[in-house]
Amino acid sequence: MSATLLLSMNSLCQMPDTACSEDLDMLDVGAKVVCETEPTHASPDRERGLHAEARLVHLTSDWAFQLVDDSLDFPRADSFCRGMFSSLITLDQPEDQEGALELLRQAGVHSPIWVRDPSRAVSKPLAFAKQYLPFSALNFPRESREGFARVNMSFPALSAVSVCIRVQWDPEWDEVSTIFSYAAPVFTNEFQLRGQVDMQGRILLALIIHGQHQPYKASFPNDGAWHHLCVTWRRSNGHWAIYVDGERKDMGLGLDTPRDIHRDGILILGQDQDSFGGNFTEPFVGNITDLNVWNISLEARQFRALNACSPLTQEVLFSWSTDSISSHPVVKQLQAMIFCPAVHQQRELQGCKMLQGWSKQLLPLYGLTGCSDPLPFICKSSRERYLKMKELSDSQSSRPTAFMDQVKKLSNKTQSQVVLGQQPSGPVSWAQASTLLDVSVQALEETQQEVLQPADMLSLIQLLSLAADVPAKPPPDANSSQTSAQELSQHFISVADSVISQDNILTWQAIKEVVSGPMDVVKSIDRMVTSLSPQLMAETDHLTIHSPNIKLEVQQQNLNEGSSASQFCGPETEKDSNLDCISVPHQKIQDLHNNGFHRLTLVNTWYGSLRPLFNPENITVVPTVTDGSQRYLGTILGSSVISTTVLGDDQPISMAVRFQLQHRAQNPLGTVHDPVCAFWDFDLTPEAGGWWNTKGCEVVSKQYGSTVCYCNHTTNFALLLQVYEVQRSPENEKPLQVLTFIGCGVSLCGLLFTFILFIAVGVPKSDRTTVHKNLIVALGVAELLLVCSDWASANEEACLVVTALLHLFFMASFSWMLVEGLLLWSKVVSVNISEDRRMKVYYIIGWGLPVLIVGITLTISVDKYKADDHCWLNVKTDMIWAFVGPVIFVLAVNAVVLCRVVMVTVSSARRRAKMLSPSSASKMQTFDLTWAVTRPVLILLPVLGLTWLCGVLVHLSIVVAYVFIALNAFQGLYIFLVYAVYNSEVRNAIKRIKEKRKALSFTNCSQPTSFLPSQRAPATSWGHSLPTPSSPETSETSGPPSSTSTSLVIKNESFRKESFVSFSLKPASGNQVVQLTGFKPSGC
């Protein structure tokens, strides 16, 4: 047995009871103060005020058990524990049994206590088809005073009796009436139930037993509706009671004649027997049905079950059947549809579970009793939660927050006896709830600049749970029930709105050990509006309460043929014209009418700020995409929360709904979202306050930014967005990998050949060729590393190095693409900057900037730099923006450059077209303009990197993925074709090499020598000399005597040392063009 920790405040406990109560009333939220006085058990009839309950606490290593040594009925006990952020104990675990046993021993409590049955589901709205049942009824007309009905059976002597009957009193009948009378041969007024109308329009009931007339005290409204009446009596202690609609209205003890009810009597409906079986007086006017008689005294829970049309297991003495009844001719049979509010059917039928005691083996002994019986109880919570609440309470006591100071000031001004943060043990009145909410709203307005502290949040959440259980009917002295209910609801929504505001995200995180989450607030709103809906709609059929984060709408209508409900939508916003909407299908409303319902109430609520308040833990939902094309990353809440509650004749009904919600979450880079329709199930994990469930919900349609859903029940709905990392299916992944490998290989070869050509063929040196070479080096190394990156993925350190190098060289590639764009711009737009200075800037951009970016990125976060499963930047963190950000900038700049180049080219083509003859101008202009646009685009797209724009659209289609890989994997081949094969400078350089080799292939002096100087050849010296007659050059070049000839000897250092070339210049016939022919000397 673990050690016991009993917390007490001896200074308070030594005070008188009244002082202790007054001081405890001033305690703040969650205080665990215990007055260790003798346990007191409240009697059922004592009046409870707003006072602190006595509590003992027992702590174990994992749990905290709190004994509330005050008696409440089961629903109130369960609600109290919820308000304390705990739950009613179950005793289904050994640690629960040990904790309860030790706690009860320390407190000296020997009476039964409430325990929760975990196997029993919380009561939920039932299908509307089960709400109305047909009954055969008897009509007693007003036109005749002779109507009666006799039960045809012989009754034994009764030591106890219970009689239940359903009556529909005629609203226009105001005389004293006998509902039923039992007369024995030896005594006439043996057992009788009478009624009369009072001045306030109520039907007062009185019971006669053995001739003794009890006072008219129990009552029901004279509203013309069906009411369920039950009376019970037992001889043992003379106890009697009257129940109306399942609730006890009157009771008494001790009669002067403790004897059985005589046997062989006659039971008459609708008349008083002044003599045995005759001489009828005091007739009843209205309808009667469902008469049942037992020879035992039933309990309160059984009467509530009977009111809900639930059968009992106890053997009945007489069961209702018109075949067993003889009636006067004026009494007619009719069919009546009786409303059966079967919400608490099973609970009331079976009773509620209680701990009666302990066996010799210290095992718990259970029993069942009426759920309305008052018993003590134990609340159970985790040790962590209890200690956190105590910590917050102590902090609030020592350092009150600005909000709590304002609450106390306002409470003193209004002389309020209620204090925020103190949960009473008894029912809360309208006045108390209204005062608490009004003070809280004023304090929130006064301190709106201050952020709510954790202790403030706990106080307000407890207040909402407290006010949600306010009695359904307002106090009699209220000026207007509707006004009072609307004011209370408005204040309730205002407080709830402040609690779930996004400004309190950090505060919600601070109290997550205590409060399950913001859905606790949603549950309190649901309970409050459902309870107050009759008063809210007493004088109107439409009510809307709107706050920044909550929109509440209540609609009410009488059902008839063709009834339909309007669609409810969230508030309109300027940013988004699409709204969050929910509606009940028209056919479902018609089904309500067809099943006998008369009035429909719809309670719709929209919550716009819940999504950021949920804890960041991943939501567990089975992935919907399982074909391997996308890797499942998790599920998040991706929309607002919207809800509908359907009330048929003020009773909750489960019904199908259709709703559309907008996607509120943004897609991270490289991920996609798949919506799932879900609802919050409070019963899924009760200890955690519930969880998301998808049962009964399905997606109707998916649109861009929104999803339409259909669910077969009513509750709180939202969209869960399943996040997937974009991946390819195995069928597409392999071809894409092969295409990438082949493309990179071909690209590398193209880049290598281009670089070799630039070096080998002697392309004239210029800033353009220098930029091309640097781009080729950066892109080639990057693609080489990309091909080899898979081999490094097995080693963590090697993979990190490869990732950094890939980042560096791909960044360098895009940097040199930016330089290509800047250089092209400088050719289009005049820039006054020298080539030397310009190249220095280009080198800084091309190599310096990538080194700087990679270095800073590694320094900031080296542990989040690399992806988990491959050698590249981590796309799940912000590290990827160290590459994507600069790339987007480069592509944007180069796109502007390309547009400018196209504009200049088109303008030039137009000017050239105007110079053509008119006959061919039109055809040539069209061709020139088309080519003027196409040529620069084809040439500049790869070198400016604009093909990478396809990467933004890769996740949309597998076709785009193939196009993207094809364009960029073959980028090197494209550069080779455009800047090597079809480059005029390269082609001219190759032509010069060919001509030079042709000239060098001559082996004698008659072989002509090319006179085309090479850029790489040394300078040639020119000189004049007289021709030597003996020389071959002179003889071979001599013309006719009449011709004029000039001899020129040139020393060319490109030939062997001391080599000379002799040229003869002769004017060509018919023109002035000079023909120059050169020959090598024979001795060379």
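The values are calculated or read from the model by the stated rules, or taken from the named source; none is laboratory data. Note that the coordinates shown come from a computational prediction; the quantities given were computed from them, not determined experimentally. Cβ atoms come from the backbone with ideal geometry, glycine included; neighbour counts cover every protein chain shown. With ligands, DNA and RNA removed, areas are computed over all heavy atoms of the protein, side chains included. Shrake-Rupley method; radii C 1.70, N 1.55, O 1.52, S 1.80 Å.
Restricting the trypsin sites (Lys or Arg not before Pro) of the range 747-807 to loop positions (DSSP other than H, G, I, E, B) with no more than 14 neighbouring Cβ atoms within 10 Å leaves Lys765. Modelled this way, with points 7 Å down the Cα-to-C-beta line, the labels at Lys413 and Gln490 are 1.8 nm from one another. Projecting label points 7 angstrom from Cα along Cα→Cβ for Asn795 and Val699 puts them 4.4 nm apart. The stretch between Ser236 and Ile856, if pulled fully straight at 0.36 nm per residue, gains 214.0 nm over its current Cα-Cα span. Per atom type, the range 248-329 shows carbon and sulfur on 44% of its accessible surface, probed at 1.4 Å. With an a/c value of 1.5 or above and a/b larger than b/c for the gyration tensor axes a ≥ b ≥ c computed over the alpha-carbon atoms, the range 272-416 is described as prolate. Phi-derived couplings, Karplus 6.51 cos²θ - 1.76 cosθ + 1.60 at θ = phi - 60°, listed residue by residue for the range 879-895: 4, 5, 6, 5, 10, 5, x, x, 5, 4, 5, 4, 5, 5, 5, 5, 5 Hz, with x used for Gly and Pro.
Averaged over its residues, the range 675-796 has an accessible area of 46 Å² per residue, based on protein heavy atoms and a 1.4 Å probe.
The portion of the accessible surface of the range 736-825 made up by carbon and sulfur, rounded to a whole percent, is 74 (1.4 Å probe; DNA, RNA and ligands excluded). Cross-linked pairs Lys249/Lys551; Lys380/Lys523; Lys249/Lys588; Lys512/Lys695; Lys512/Lys551: Cα-Cα separations exceed 32 Å for Lys249/Lys551; Lys249/Lys588. Once the 1.4 Å probe is applied to the protein heavy atoms, the range 121-236 comes out at 42 Å² accessible per residue. In order along the range 228-241, the phi-based Karplus estimate (6.51 cos²θ - 1.76 cosθ + 1.60, θ = phi - 60°) of 3J(HN,Hα) comes to 9, 10, 9, 10, 9, 7, 9, 6, 3, 10, x, 6, 9, 7 Hz; Gly and Pro are listed as x.
With 0.36 nm allotted per residue and the present C-alpha distance subtracted, the Lys991-Leu752 stretch has 84.0 nm of extension available. Taken along the Cα-to-beta-carbon direction at a fixed 7 Å, the label points for Lys512 and Gln200 span 5.2 nm. Here the extension length gained between Val884 and Asp591 equals 99.7 nm, from 0.36 nm per residue of separation less the Cα-Cα distance.
Computed 3J(HN,Hα) for the range 847-858, one whole-Hz value per residue from the Karplus formula 6.51 cos²θ - 1.76 cosθ + 1.60 where θ = phi - 60°, is 10, x, 5, x, 4, 5, 5, 5, x, 5, 4, 5, glycine and proline marked x.
Close amide-amide hydrogen proximity is noted between Asp70 and Phe377, each under 5 Å apart and 5 or more residues distant or on a separate chain (H modeled in the peptide plane; Pro and chain starts excluded).
Is the shape of the range 222-341 rounded, prolate or oblate, going by the alpha carbon gyration tensor and its root eigenvalues a ≥ b ≥ c, with a/c under 1.5 for rounded and a/b larger than b/c for prolate? Since a/c reaches 1.5 but b/c is at least a/b, the shape of the range 222-341 is classed as oblate.
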